[in-house]
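Engineer: To start, I am sharing the structure in question, which I have written as structure tokens.
The values are calculated or read from the model by the stated rules, or taken from the named source; none is laboratory data. Given the structure is predicted, the values throughout are model-derived calculations rather than measurements. Using ideal geometry, Cβ is built from the backbone for each residue, glycine included, and neighbour counts are taken over all protein chains shown. Surface accessibility is based on the protein's heavy atoms, side chains included, excluding ligands, DNA and RNA. Shrake-Rupley method; radii C 1.70, N 1.55, O 1.52, S 1.80 Å.
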Amino acid sequence: QVQLVESGGGLVQPGGSLRLSCAASGSIFSIYFMGWYRQAPGKQRELVASITSGDSINYGNSVKGRFTISRDNAKNTVALQMNSLKPEDTAVYFCNVRSTRASHWGQGTQVTVSS
């Protein structure tokens, strides 16, 4: 059984920062991809940022220059530092971890950017 536990969401004012964390535990082997997606009401889920086992990093166009993804291979964790947050960043953020056997999703954490 694989579990992804996300933390760090919340309410922040425009221009503020938040840091999301995701920890993978259980029988998970050979992780090659860790990433964050988000889904706003009425919209499709979209990629925010991802990092591969070879440290190839990809960001969604709307977050480039503001968000930074990082991972700790020893702890099977992935973090997303979000700076200069905007109201349009409001969404539920999901952690996604892919191994050679399966793709796993976290339960989601709400990020609300509002004054």
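Engineer: Cβ contacts < 8 Å: first residue among the basic types (K, R), restricted to region 56-77; second residue open to solvent by 50 Å² or more (accessible area, probe 1.4 Å), any location; separation 6+ or different chain. Result?
Structural biologist: What qualifies is R66/N83; R66/S84.
Engineer: Okay, next question. Taking the stated definitions as given, is G35 closer than 22 Å to S114 by Cα and out of contact with any helix residue (DSSP H, G or I) (no Cβ under 6 Å at 6 or more places or on another chain)? Walk me through it before giving the result.
Structural biologist: On the way: closer than 22 Å to S114 by Cα: no; out of contact with any helix residue (DSSP H, G or I) (no Cβ under 6 Å at 6 or more places or on another chain): yes.
No, not satisfied.
Engineer: Continuing with the same structure: Considering each residue of region 5-15, count those that are surrounded by 14 or more Cβ atoms within 10 Å (Cβ to Cβ) and not in a strand (DSSP E or B), and give that number.
Structural biologist: Count: 2.
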